[in-house]
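Just so you know, all these numbers are worked out from the coordinates, no wet-lab data involved. All of these numbers come straight from a predicted model, not from anything done at the bench. FYI the Cβ positions are ideal-geometry reconstructions off the backbone, even for glycines, and counts take in every protein chain you see.
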Amino acid sequence: MNIHAEKRLIDRLPQRSVADSGFAHSTMIETLRQLPLHHIEGIWKFPATGSEVAIVRSNPDINNPTAPVNLYHIILFTSDSRAIRPGTIMGFITPSSTQGEYDARIYTSSVGSTLIMPKTFTLTLAENDTSLRFKQKKSAFSINLWRLLPYLWRYTIHPNTSTDTQTDGCIRIFPEPPVPREPIYL
């Protein structure tokens, strides 16, 4: 059996997003309150845009909290775009072999109210579970077709360089972390 040839759970993400017509904020929060949450589960906020997402198990079983979980859903909670409805599934997450790291497949573009173009990401959870960093996986090489014009002898394939200065990510807002990100003045 070749493990590399197996289809991963996150690869089951459809090419276009699907919205849950029965989504309600109160139901999602109540579900999260009843479950013993995993480290990544909760409601997360993107500070750059103000959008909020909920990360929950694909099939939360309140009666059996020790059931094995291999897949989490990223569900839009609130958005800065009025076209995209709350309850839209934005991506899938699976745990990786490293503690605090997760593999994800997340939509990266939108057309009207539909999310499209899923890409693969690595999510890194901070040690205190208060922030989640997103890093898009890229191939080792890129092809730039514009380089074909006007000179045919230019290199069209060039290596991608890795930049670790990426700060895209979320901060946890539910459940509230024990140590706040900003000091609280009395």
ask   = With each label point set 7 Å from Cα along the Cα-Cβ vector, what nm distance links Gln136 and Ser109?
value = 1.0
message = Could you compute the net charge surrounding Ala24? Neighbours are other residues with a C-beta less than 13 Å from the C-beta of Ala24; K and R count +1, D and E count -1.
response = -1
remark   = If R0 = 30 Å, then Ala24 and Ile116, at their Cβ-Cβ distance, give a FRET efficiency to the nearest 0.05 of 0.75
ask   = Once label points are set 7 Å from the Cα along Cα→Cβ at both Asn59 and Leu9, what is their separation, rounded to one decimal in nm?
value = 1.1
remark   = Burial-style ranking of 14-25, 120-131, average other-beta-carbon count within 10 Å with highest first, yields 120-131, 14-25
request  = Can you tell me which of 28-34, 169-175 comes out highest on packing, and rank the rest after it, using the mean Cβ neighbours within 10 Å?
outcome  = 169-175, 28-34
task = Subtracting the Cα-Cα distance from 0.36 nm times the residue separation, let me have the gained length for Asp168 to Glu101 in nm, one decimal.
result = 22.6 nm
query = What does the highest-first list of 93-102, 72-81 look like by mean Cβ count within 10 Å?
reply = 72-81, 93-102
